[in-house]
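Encoded as structure tokens, the structure appears first; notes follow it.
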Amino acid sequence: MRATLICWLLLASLLANVGARSPVLPKFDVDIITSLDSEDAKVDPKLVRTLLDNNFESGTLSPWYDESPGYVNWRVENLASPSEANSTAPKPATGSQYVRATRNADLASGLAILRSPTFTASPGDRVSFDFWIRSKRPEGNNLELVWVVDRTEQQLVSLSQFSTLSNYEWRTQSAVIPVDVPTEGVLVFYGYCGSNYEDAVAIDNIFVESSTYTTQAPASDCIVLSASFGTFTSPNYPSSYPENANVCWLITGAYSITLQFNNFETETGKDTLKIYLGPTISSELFADLSGSYIPNQITKYTESMLLVFTSDSANSYAGFSITYQIVFDNQQRPLLQLLLLLQQLLLIQLLIQLLIQFPVPKLRHTLQLYAKLQRNSKLQRGSQIQRNSKLQRNTPVVAV
Ligand SMILES: [Ca+2]
Ligand SMILES: [Ca+2]
């Protein structure tokens, strides 16, 4: 691994010298990425997905990080105080801070690498960003964006065509992250910057957005289960469901959701019922069910749940019947109040039972008896006090 890095540094050094003379674009080495892949092992890829957006106004790259091997590094700079004053950036569309491939005092050329932590991309996810790129020679510099999964890079964007002497424009670029199923991977920006003072590569407003399909289609096209309880089935149940079925059910605004499977029979591995703990297929996949095993009852404390049933083009079975029960979020307070009321009712019932055990005449007798006992005990205490005070008076005072 170290040998690879040394080789690469030698290559970068060579490129630095070549880059000063002619606009040769570097060939990127996958090993660079994988050799630097240990830092984010502790970060949950599902959680970090929502943190990737950065407009750099806070002055930090996080959660992106600089993996540049030398010469040129990513630095967040302010429009008011650019790190390379000879070639100041145009004003960004919003804010004043952005990240720039910044060279040393000698303006040595090189490759700057900006890398995301490993995160889970869902189908349709799209990355967008603003960029400014300039060079003394046409196409002399480049900004590439690649998607890396299992040490394999896939180029999403290459922007050298915007690298001209006269370019002073921030532009927006976007690309779909190419995944068919939720996939863990890394986004990497490669910024190659030459050694002329006019050379510049800068990035701003990185956003990773879910596609319209994943965020909206299930919510609008699905069967919305809005009653507190009920039963839903696969199409045609108990007859065979159709081939190429694609049906979904959506529950939202819940506090908890319970599913009781009355029957379940689908083609194993081909015709599946997927249960997501959230409103879209980008949400956490809780279960991927198929076959003839009837699952146990499920109760999940989740605001929403999406169930998606799909079948392939052959071999259909009876499908499923599921009884659901939803405790809606706004039912929680009334439910707690009801429980408190029940508790009070139980106390009242205990009192009533006591009264039944002591019928009223008997109760009056008991109270009279209690009053008499109280009087007697007062009298006894009174005579005891009198006796004690007599005793005290009769005790001689001993002079010291
Ligand atoms: Ca900004
Ligand atoms: Ca099938």
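The values are calculated or read from the model by the stated rules, or taken from the named source; none is laboratory data. These numbers come from a predicted model, not from an experiment. Positions of Cβ are backbone-derived with ideal geometry, glycine not excepted, and every protein chain shown enters the neighbour counts.
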Fill in the blank from the handout: The residue that is modelled with the lowest pLDDT, considering only those in segment 30-64 that are among the small types (Gly, Ala, Ser) and over 23 Å from residue 130 (Cα atoms), is 35
Exercise for the section: Restrict the check to segment 161-183 and report whether at least one residue is under 16 Å from residue 64 (Cα atoms), surrounded by fewer than 20 Cβ atoms within 10 Å (Cβ to Cβ) and touching a residue at least 24 places away in the same chain (Cβ under 8 Å). Expected result: no
Completion exercise
If we ask which residues in segment 244-257 are farther than 18 Å from residue 279 by Cβ and either surrounded by 15 or more Cβ atoms within 10 Å (Cβ to Cβ) or modelled with pLDDT of 90 or more (or both), their number turns out to be 1
Exercise for the section: Could you grab me the full set of residues in segment 284-307 that are closer than 13 Å to residue 252 by Cα, within 17 Å of the chain's Cα centre (by Cα) and surrounded by 15 or more Cβ atoms within 10 Å (Cβ to Cβ)? Expected result: 302, 303, 304, 305, 306
Handout entry: Residue among 147, 132, 74 that is of a type in the set (Phe, Trp, Tyr), closer than 30 Å to residue 280 by Cα and at pLDDT 95 or above
Key = 147
Problem - Tally of residues being among the β-branched types (Val, Ile, Thr) and more than 14 Å from ligand 2 (Cβ to nearest atom) across segment 248-270 - result: 4
Handout entry: Which listed residue is free of Cβ contacts under 8 Å to residues at least 24 places away in the same chain, of a type in the set (A, V, I, L, M) and assigned by TED's automatic domain parsing to the domain that holds residue 198, from 99, 127, 149, 157
Key = 157
Practice task
Could you list, in sequence order, all residues of segment 54-74 that are away from ligand 1 (no atom under 14 Å from the Cβ) and more than 16 Å from residue 207 (Cα to Cα)?
Solution key: 66, 67, 68, 69, 70, 71, 72, 73
Completion exercise
Every listed condition ((1) under 20 Å from residue 192 (Cβ atoms); (2) surrounded by fewer than 24 Cβ atoms within 10 Å (Cβ to Cβ); (3) not polar (S, T, N, Q)) holds for residue 126 save (1)
Problem - Verdict on residue 197 being within 30 Å of residue 174 (Cα to Cα), surrounded by fewer than 16 Cβ atoms within 10 Å (Cβ to Cβ) and not polar (S, T, N, Q) - result: yes
Handout entry: residue 273 being buried (at least 17 other Cβ atoms within 10 Å of the Cβ), more than 16 Å from ligand 2 (Cβ to nearest atom) and closer than 18 Å to residue 324 by Cα
Key = no
Fill in the blank from the handout: When residue 317 is run through (1) loosely packed, with under 14 Cβ neighbours inside 10 Å; (2) in a loop (DSSP other than H, G, I, E, B), the failure sits at (1)
Completion exercise
Only unsatisfied item for residue 108, checking (1) in a loop (DSSP other than H, G, I, E, B); (2) modelled with pLDDT under 85; (3) away from ligand 1 (no atom under 16 Å from the Cβ); (4) closer than 21 Å to residue 165 by Cβ, is (2)
Exercise for the section: Filter segment 294-327 for residues that are in contact with an Asp or Glu (Cβ under 9 Å, 6 or more places away or on another chain), within 18 Å of residue 238 (Cα to Cα) and modelled with pLDDT of 90 or more and give the result. Expected result: 294, 309, 310, 311, 315, 316, 317, 318, 319, 320
